[in-house]
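Structure record follows, encoded as structure tokens.
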Amino acid sequence: MKAILAVIDLQNVFADPASEWFTPRFASVVPRIRRLVTAFGDDVVFTRFVAPSRPEGAWKQYYAQWPFALQPPDAPLYQVISDFQPKSTVDATTFGKWTPRMATRVGGARLVLAGVSTDCCVLSTALAAADAGVAVTVVSDACAGVDDESHEKALDIMRLYGPLVTVAGTEEVLGQAR
């Protein structure tokens, strides 16, 4: 079965240790993600979490807690890290990146997820895609959470969704991609 790699939110806002949204193990997953991106070639999509121009509903409270994040999509904090130069991105103002655009890009393929954060945007994307009937693989060692405990808990939750969602390591996924 064809597979599409979605690199979830590999952005400066999560990479920068000075950021309020810094993900501690971010740098450690980048080499694995680079290997995956190389292996998947043209079958890769990068996503970005971006702030809405005007938060609505519960998002108002969210951005009251994180006012630094109310910046336009072209702000440096929302750019994909300089290690990667995606031609385009799937942007969303929501944690989950299973948007109509992502669904069109994936088509009937398996969705392989890597990126940050395991316990927020990766989890939200995996579960929404699985609910839509898409086979999802989460690359456990190519994802990072807000901390190690939260990362492991999120992986455990996603394992509960088997066989819709599977959790595998980079080497296993690369072996399947060959």
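Rule-based calculations on the coordinates, nothing more; no lab input. Note that the coordinates shown come from a computational prediction; the quantities given were computed from them, not determined experimentally. Positions of Cβ are backbone-derived with ideal geometry, glycine not excepted, and every protein chain shown enters the neighbour counts.
Brief remarks on what is shown
- Here the range 13-90 was treated as a single set of alpha-carbon atoms; its pair distances binned every 10 Å from 0 give 16, 43, 30, 11, 0 percent.
- Mean Kyte hydropathy of 0.0 or more with a Cα span along the axis of at least 18 Å, helices from DSSP in the chain: 26-40
- Measuring spread by the Cα atoms of the chain yields a radius of gyration and Dmax of 15.2, 46 Å.
- Charge context of residue 135, other residues only, Cβ under 12 angstrom, K/R +1, D/E -1: +2
- Charge dipole (debye, nearest 20) of the chain; +1 at Cβ of Lys and Arg, -1 at Cβ of Asp and Glu: 560 debye
- Gap separating the Cα centres of the range 65-94 and the range 10-35, nearest whole Å: 13 Å
- Reachable aspartates and glutamates from residue 60, criterion Cα separation under 20 angstrom, eight or more residues apart if same chain: 20, 91
- Calculation over all alpha carbon pairs of the range 57-146 in 5 angstrom steps from 0 returns a P(r) of 3, 11, 19, 24, 22, 13, 7, 1 percent.
- FRET efficiency, 1/(1 + (r/R0)^6) with R0 35 Å, evaluated for residue 64 and residue 153 via beta carbons: 0.85
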